[in-house]
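Everything on this sheet refers to the single structure shown next.
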Amino acid sequence: MRGSPGRSGKIAAMFPTIDFPLVEHALTRPAGWIDLALVIACFALGWFVDRRVRLKADAAHDVIRVGAGGVNRLIFPLLTLVLLVIASVLYQRYRTPFFLALALPAVVALAVIRLFVYALRGVFPRASWLATSERAVSFAVWGLLLLYFLGILHDIAADLDALVIPIAKSHVSVLDIGKAVLVVLLTLAITLWISGFIEGRLMRAEQLDSSLRALAAKAVRAVLLILAVLIALNAVGIDLTLLSVFGGALGVGIGLGLQKLASNYIAGFTILLDRSIRLGDMITVDNRFGVVSKVTARYVVVRSLDGVEAVVPNETLVTTTVLNHSYSTREIRIGVPIQVSYGSDLELALRLMEGAALAEARVLKAPNPPAAFVIRFADSGVDLELGFWINDPENGQANLRSAVYLAVWRAFQAHGIDIPFPQREVRIVGGVPAAADAAGTVGERTTAAATMPKG
């Protein structure tokens, strides 16, 4: 993991430190002013192109955004860096560049700051600590650049390289550990930013199914993270063959202690692939009825109509029967039972019930209009049922039932159709003495007649 002196020497030659006597000497010669003018021209051209791109993007509402920031913020430092490199290559054919070489690390530092900050914004778009982290990253990078220009950073790097930590049979310096941590963090941050950008584009692809979009986004993030880890470990000098031991241990762990977790993840990818449950579906699972508001690789969130959210493991959705009320269509039928008295006009009652349903905006008029039927002749009256279809079950059913019941009640009241009470007929079997308590018997019959419902 120790860095090679040749590489460090090349980097130092490309990015020299500030030698103030050389700065004074360069400013006294025409070649130095030409060098400085090229630096100013590169910065001016980069700023001009960045400004025009921003104005055009704002006018067309086509700014490429990831989280709270946008990749358009990288146009200025990256374009300026390219211009400085081209100017340096062309200028060094005639003279050794001085100000161009000093401007390169400054532009690289600006690009690193903006890239890392907007990578953080893409990964954590709503984090409260992000503003503090942005300032910390900016101060750290500019502070390291200032130390580098003053020549102090070389001495600090040499001291850190002299501090060696014994690890097993090898010795690793603190400088190498710091470089390894920095490489891993930068690689992961850039990878998460790129995966977030790709996920955003995939989720906005309306031509793809929602489950397929979610599956593709999760697969892209998983593949990119694995590649980032492998690249980072290879960059810091860790032998990737050591991962075979870790992979074997992980397989044993999954086989013994992580069976449920592994089965949930496998079931989650199965659900996303066969699209049996999708975002927005109305399902009933484990005695819970609601809308699928979130589908992840491990669980599904079912939001009931009263606002309660149930986190259902994917294994439950695969191993049990799930009632999907919107699998092939979102239309569902609602039945409203009503009982009328035997003396009512049944044909009129059926028409009034159908008219009450047709008056509701949520009730579908075609292809299945509301229909009322005679179900049976019950003890206290005739049982009827009104059936109608809706295509927005997520808006609730109890509120619609209540509105239909009220409309039917008003229509029945206006047309004299009675809704009966439970009726019972009591007969006294056996002789009753004619003279015994005649007044009490008459009173009981009068009370029974008074309390007996009509119809």
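A short reminder: the numbers here are calculations on the coordinates, not readings from a lab. Values in this document were obtained by computation on a predicted structure and should not be read as measured data. So basically every Cβ, Gly included, is an ideal-geometry build from the backbone, and we count neighbours across all protein chains shown.
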Practice problem: Taking amide H positions as placed in the peptide plane 1.01 Å from N, state which residues far from L279 in sequence (5 or more) or on other chains have amide H under 5 Å from it. | Solution: S211
Quiz item: Between R95 and V174, 0.36 nm times their residue separation minus their Cα-Cα distance comes to what?
Solution: 24.6 nm
Quiz item: Taking amide hydrogens as modeled 1.01 Å from N in the peptide plane, which residues meet the under 5 Å criterion relative to A310, leaving out close sequence neighbours?
Solution: V302, R303, S304
Exercise. Work through the residues other than A219 whose Cβ is under 13 Å from its Cβ and net out their charges, Lys, Arg +1 and Asp, Glu -1.
Key: +2
Quiz prompt | Cα gyration tensor category, rounded, prolate or oblate, for the range 270-413 with a/c compared to 1.5 | solution = prolate
Quiz prompt | Added length on full extension, which subtracts the Cα-Cα distance from 0.36 nm per residue, N368 to R275 | solution = 30.7 nm
Quiz prompt | Theoretical gain in end-to-end length, S328 to A44 [0.36 nm per residue, Cα-Cα removed] | solution = 96.3 nm
